[in-house]
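J.: Provided herewith is a single structure, encoded as C-alpha cells, for subsequent inquiry.
Here, each number is a calculation from the coordinates, and none is a lab measurement. Since the model is a prediction, treat every value here as computed from it, not as a measurement. Cβ sites come from the backbone with ideal geometry, for glycine too, and all protein chains shown count toward neighbours.
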Amino acid sequence: MTINFLDLYNDVASQPWSMFDSGAVVKEDFELALVSSINKAIVDIWYSYPFSFRVKKYAFSTLPNNSKYELPNGNILNEDSIEDNLFAIKANNEYLSYNPDISLDGKTGKPQEFYIDDDNIVLYPVPDKRYQISIKYLTLSIGFDKDENEIFYLENPTDYIDIPAKYETLFKNTILAKALVDSIASVNDENYAGYRLQFDKAYKLLIKVSNPVKKSMSIQF
C-alpha cells in the first residue's frame, strides 16, 4: 500500500490544534513549514530503526570480465543469524565473503568475495560469464515520485511512501504525531505534551509490530 503525500499533508493539517489549513489540492497550497515538519518526522522515524519494511532486495546479472557494479541506495545487511561477518550478498544463491584487501590479479571465475568501492561492489574472481547476484539491503530512500524514482524528500502531491498495508496506519499515525511535535515552537505549549505522548506510544508500537530485522552490523556507503 502507499501513503500519498497529498493525503498525508491534509491529515496532519487537519489534526486538532495543528495551526495549518487542510484541504490542499495542488503543491501551491502547501505551507512550507508543514512540508518541512512532515519530512523531518519521516526522516527521524525512517532512519531511527531497521524496520522490516525498509528491507529491500536488489538483483543483477554479471557481465564477463566486468568486476564492478553499482549498488542500490542502502546499507547491505549482515546475516548475523547465520554467522559473524556474513553479508546478505549471494552469487547464484551462494554467499560471498567480504574481503576489503582483495587485489585484482586477473583471476576469473565464479565470484566468491567482494569489497565496496564508493557506491560500487567489486567482485572477485572477476566473473567469466553471467552470474545472478542478489543483495538484501536496508533502503535509505523514503519514497518515490510519480515516475517511480527513489526520493529522499516528499514535496509533490503525487510523491508517496510504499510500505506493506499492515504497517500503513500505524506508520502514518506515528508521522502525524511527530510532525505536530516538530511544528510546535515551544515545549511549554499546552499541546506539546499531548502530541509527544501520542508519538512515543505510536513509535514504540510501530517497533513492536513491524518485526524488525536483526542487524548487528552493516556495510555502509
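J.: Using only C-alpha positions, report the orientation-averaged shadow area of the convex hull of the chain, nm², one decimal.
T.: Numbers: hull surface 56.3 nm².
Mean orientational projected area (the chain, Cα hull): 14.1 nm².
J.: Also, I was wondering about something else. Through the Karplus equation 6.51 cos²θ - 1.76 cosθ + 1.60, θ set to phi - 60°, convert the phi angles of segment 31-43 into ³J(HN,Hα) values in whole Hz; use x for Gly and Pro.
T.: Along segment 31-43, the couplings run 8, 4, 4, 6, 4, 5, 5, 5, 5, 4, 4, 4, 4 Hz.
J.: Could you give me D for segment 55-139, from Stokes-Einstein at 4 °C and 1.567 mPa s, where the hydrodynamic radius is the Kirkwood radius over C-alpha pairs? Units µm² s⁻¹, please. Spell out each step's value before the answer.
T.: Working: Rh = 12.8 Å.
For these conditions, the coefficient is 101 µm²/s.
J.: Which whole-number percent is the relative contact order of segment 55-139 (Cα, under 8 Å, 6+ apart)?
T.: Values: 201 pairs, mean separation 38.2, N = 85.
It rounds to 45 percent for segment 55-139.
J.: Among Asn149, Asn191, Asn173, which one shows the biggest mean-square fluctuation in a GNM of the chain, springs joining Cα atoms closer than 10 Å?
T.: Asn149
J.: Would you calculate, for the chain, the mean residue ellipticity at 222 nm contributed by helices, counting each DSSP H stretch of 4 or more residues as -39,500 (n - 2.57) and dividing by all residues, to the nearest 500? Let's see the in-between values first.
T.: Working: 4 runs with 61 residues, N = 221.
Helices in the chain give a 222 nm mean residue ellipticity of -9000 deg cm²/dmol.
J.: Hey, another quick one. Using modelled amide H (1.01 Å from N, peptide plane; none on Pro or chain starts), what sits under 5 Å from the amide H of Ser97, excluding residues fewer than 5 places away?
T.: Amide H to amide H, under 5 Å and 5 or more residues apart or across chains, Ser97 pairs with Glu113, Phe114.
J.: OK, next. What is the set of long-range amide H partners of Gly74 at a cut-off below 5 Å, with H atoms built 1.01 Å from backbone N?
T.: So Gly74 has HN proximity to Leu140.
J.: Determine the gain in length on full extension of the stretch Glu148-Ser22; use 0.36 nm per residue of separation and subtract their C-alpha separation, reporting nm with one decimal. Mind showing how you got there, number by number?
T.: Values: separation 126, 0.36 × 126 = 45.36 nm, distance 2.66 nm.
Gain on extension, Glu148 to Ser22, equals 42.7 nm.
J.: Counting other Cβ atoms within 10 Å of each Cβ, which trypsin sites (Lys or Arg not before Pro) in segment 74-135 have at most 12 and sit in a DSSP loop? Don't jump to the answer; show the numbers that get you there.
T.: Working: sites: Lys90, Lys107, Lys129, Arg130; in loops: Lys107, Lys129, Arg130.
Counting only loop positions with at most 12 other Cβ atoms within 10 Å, the trypsin sites (Lys or Arg not before Pro) in segment 74-135 are Lys107, Lys129, Arg130.
J.: Let me ask something else about it. Using alpha-carbon positions, what is the distance between the centroids of segment 45-76 and segment 138-190, in Å?
T.: Centre-to-centre distance over Cα atoms comes out at 22 Å.
J.: Mind giving me the FRET efficiency for Asn4 and Asn120? R0 is 30 Å, r the Cβ-Cβ distance, nearest 0.05 is fine. Provide the component values of the computation, followed by the final result.
T.: Values: r = 34 Å, r/R0 = 1.13.
That gives a FRET efficiency of 0.35.
J.: Counting only GluC sites (Glu not before Pro) that are in a DSSP loop and have at most 11 other C-beta atoms within 10 Å, tell me the longest site-free stretch of the chain.
T.: Working: sites that count: Glu83, Glu148, Glu190.
So the longest stretch without any such site is 1-82.
J.: For segment 99-107, take each phi angle, set θ = phi - 60°, evaluate the Karplus expression 6.51 cos²θ - 1.76 cosθ + 1.60, and give the result in whole Hz per residue in order, putting x for glycine and proline.
T.: 9, x, 9, 4, 10, 5, 10, x, 5
J.: State the number of lysine pairs found in segment 1-110 whose Cα atoms come within less than 17 Å, restricting to pairs 8 or more positions apart or on distinct chains. Kindly include the intermediate steps, with their values, before the conclusion.
T.: Numbers: Lys56/Lys90; Lys57/Lys90; Lys68/Lys90; Lys68/Lys107; Lys68/Lys110; Lys90/Lys110.
So the count of such lysine pairs works out to 6.
J.: Okay, moving on. Within the P(r) computed for segment 1-57, what percentage of the Cα pairs occupies the region above 20 Å? Spell out each step's value before the answer.
T.: Numbers: 525 of 1596 pairs.
The proportion of pairs with Cα distances above 20 Å equals 33 percent.
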